[in-house]
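Working notes, structure below.
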Amino acid sequence: MHRELFPILDQQVYNHPLVYLDNAATTQKPLSVVETMSDYYLHQNSNIHRGAHHLAEQATERYEAVRRQVQQFIGAAHSHEIVFTRGTTESINLVAASFGQQFLRAGDEVVVSEMEHHSNIVPWQLACQRQGARLRVLPFDDDGILQVDQLASLLNEHTRLVAVTQVSNTLGTVNPLQEIIATAHQHHIPVLVDGAQGIAHIPIDVQALGCDFYCFSAHKMYGPMGVGVLYGREEWLDQMPPYQGGGEMIKEVRFDGTTYNELPFKFEAGTPAVAEVLGLGSAIDFMQQVGVETIARHEQELLAYATAQLQQIDGMRIFGNAPHKTSVVSFLVGDAHPYDVGTLLDKLGIAVRTGHHCTQPVMDHYGIPGTVRASFAIYNTKEEVDELIRALERIVPMLG
Ligand code: PLP
């Protein structure tokens, strides 16, 4: 669907039509996003918030309009709860550093899950090391289902935060956020949601969900690289110290003391990625024009079709068999090394991801070095799934 809006898809790789199945790493960008960004550089480029001239005012207005657009897209109560960052990784690091400095003390605990991306593990390890706190881990079972019934037993009076992914980038599992948040909130513990793999596939309403923080990257939702969002509830962001110092995040700077700007500017030091923010706005327009539900339905069809076809292949092992998944399928075939499978698929024009997918604890859970991962987006087709299956049937015997 809508392939004509993605010119990059119309090319040959090693004399084969490109089949792009690496969407969980990054999606392709529709023309409208690219044009929004080039139009900004061609006609409006100027630094925002500071200039008293026409271009600066226009750029500032458009940048702030995207903040309001994001607020509406994710159902936040206030636009000042939307902080622009470089992406999910920076959003999580911001909270780990700032929330960690304010609220984490020696002997405290942070809970993450066993299926987190490294970017929702390492920032918490660093924060815990700095503050003398401890990381605790909520496990998943062999089907890739989070053991949410064990969450309550991990929470106690020392727990300061639960950080959990909405969707596993390796297993595809959609986690029951409502239940996780309700359990944590019963203990008055805030919840950070890593929405990197959720935002492009699931309609999101942060107020209905009740999460305290929600993080995502534009480049995984048809937008540009280099920009992302931290949503934080006002009551938390207000209490958190600045993450980085610099221009724009201050009210007054004196050598005997500096005061900080109000939300969200307190957390946006320096010149932001204006073109990228506008590109994010355009990506949201694209998703809303197509409809998040339509995207999800199309991807679910591809996932079901691909899963059924893959299961026909001898020696196929699929990792992640939760009943509720998004459009990610991770697998190994026989004894073939995932890297070899990925390399041979590439020679046939098929782009997949191989390796640990920045989730080494997931690999440790299964005792494997990595997987091959195919992931789908709105522009993928059943014919492309057929290409993948045909290619695997050719490759697998070659790899013994
Ligand atoms: N969290 C999850 C679940 C992801 O899949 C990714 C990227 O693959 C990230 C976090 C990090 O996102 P980024 O590299 O855009 O900061």
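Residues of the range 343-364 that are open to solvent by less than 10 Å² (accessible area, probe 1.4 Å) and either among the aromatic types (Phe, Trp, Tyr) or more than 16 Å from the ligand (Cβ to nearest atom) (or both): LEU345, GLY349, ILE350.
Yes/no per residue for (1) in contact with a Ser or Thr (Cβ under 9 Å, 6 or more places away or on another chain); (2) open to solvent by less than 10 Å² (accessible area, probe 1.4 Å):
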residue	(1), (2)
GLY144	yes, yes
LEU155	yes, no
ARG160	no, no
LEU171	yes, yes
ILE181	no, yes
ILE189	yes, yes
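Taking the listed residues LEU171, LEU192, the one that is of a type in the set (A, V, I, L, M), within 16 Å of the ligand (Cβ to nearest atom) and assigned to a loop (DSSP other than H, G, I, E, B) is LEU171, with no other qualifying. When the range 111-142 is limited to residues that are small (Gly, Ala, Ser) and surrounded by 15 or more Cβ atoms within 10 Å (Cβ to Cβ), the one that is farthest from the ligand (Cβ to nearest atom) turns out to be ALA133. For GLN44, the criteria (1) touching a helix residue (DSSP H, G or I) at 6+ places or on another chain (Cβ under 6 Å); (2) in contact (Cβ under 8 Å) with a residue 40 or more places away in the chain; (3) surrounded by 15 or more Cβ atoms within 10 Å (Cβ to Cβ); (4) not basic (Lys, Arg) hold in every case but one, which is (2). Of the helices (runs of 4 or more DSSP H) that lie entirely inside the range 265-369, those containing 2 or more residues that are in contact with a strand residue (DSSP E or B) (Cβ under 8 Å, 6 or more places away or on another chain) and farther than 30 Å from GLN44 by Cα span 292-311, 338-347, 360-366.
State yes or no: is GLY226 in contact with a helix residue (DSSP H, G or I) (Cβ under 6 Å, 6 or more places away or on another chain) and open to solvent by 20 Å² or more (accessible area, probe 1.4 Å)? Yes: the conditions hold for GLY226.
Scanning the range 7-24 finds no residues that are buried (at least 19 other Cβ atoms within 10 Å of the Cβ), within 16 Å of the ligand (Cβ to nearest atom), of a type outside the set (Gly, Ala, Ser) and not assigned by TED's automatic domain parsing to the domain that holds ARG373. Among the residues of the range 231-245, those identified as open to solvent by 40 Å² or more (accessible area, probe 1.4 Å) and either part of a loop (DSSP other than H, G, I, E, B) or touching a Cys at 6+ places or on another chain (Cβ under 8 Å) (or both) are ARG233, TYR243, GLN244, GLY245.
The residue list VAL329, VAL292, VAL277 contains one member that is touching a residue at least 24 places away in the same chain (Cβ under 8 Å), out of contact with any Phe, Trp or Tyr (no Cβ under 8 Å at 6 or more places or on another chain) and open to solvent by less than 10 Å² (accessible area, probe 1.4 Å), which is VAL329. Just the residues that are touching a strand residue (DSSP E or B) at 6+ places or on another chain (Cβ under 6 Å) and assigned to a loop (DSSP other than H, G, I, E, B), please, taken from the range 195-226. The answer is GLY195, ALA196, GLN197, GLY198, ILE199, CYS211, ASP212.
In the set LEU94, LEU9, only one residue is closer than 30 Å to THR343 by Cβ, touching a residue at least 12 places away in the same chain (Cβ under 8 Å) and touching a strand residue (DSSP E or B) at 6+ places or on another chain (Cβ under 8 Å); that residue is LEU9. Out of ARG67, ARG86, ARG105, one residue alone is at pLDDT 95 or above and within 16 Å of the ligand (Cβ to nearest atom). It is ARG86. Pull up the range 378-388, narrow it to residues that are open to solvent by 10 Å² or more (accessible area, probe 1.4 Å) and assigned to a helix (DSSP H, G or I), then point me to the one that is nearest to LEU345 (Cα to Cα). Top of the filtered list is GLU387.
Listed by first and then second residue, the pairs linking a residue in the range 152-177 that is over 16 Å from ASP212 (Cα atoms) to a residue that is of a type in the set (D, E, K, R) and away from the ligand (no atom under 16 Å from the Cβ), with Cβ atoms under 7 Å apart and 6 or more places separating them unless they lie on different chains, are LEU154/ARG136; HIS158/ASP108; HIS158/GLU109.
The values are calculated or read from the model by the stated rules, or taken from the named source; none is laboratory data. Predicted model only: the values in this text are computed from it and were never measured. All Cβ positions, even for glycine, are placed from backbone atoms using ideal geometry, and neighbour counts span all protein chains on display. We work out accessible area using only protein heavy atoms, side chains counted, and drop any ligands, DNA or RNA first. Shrake-Rupley method; radii C 1.70, N 1.55, O 1.52, S 1.80 Å.
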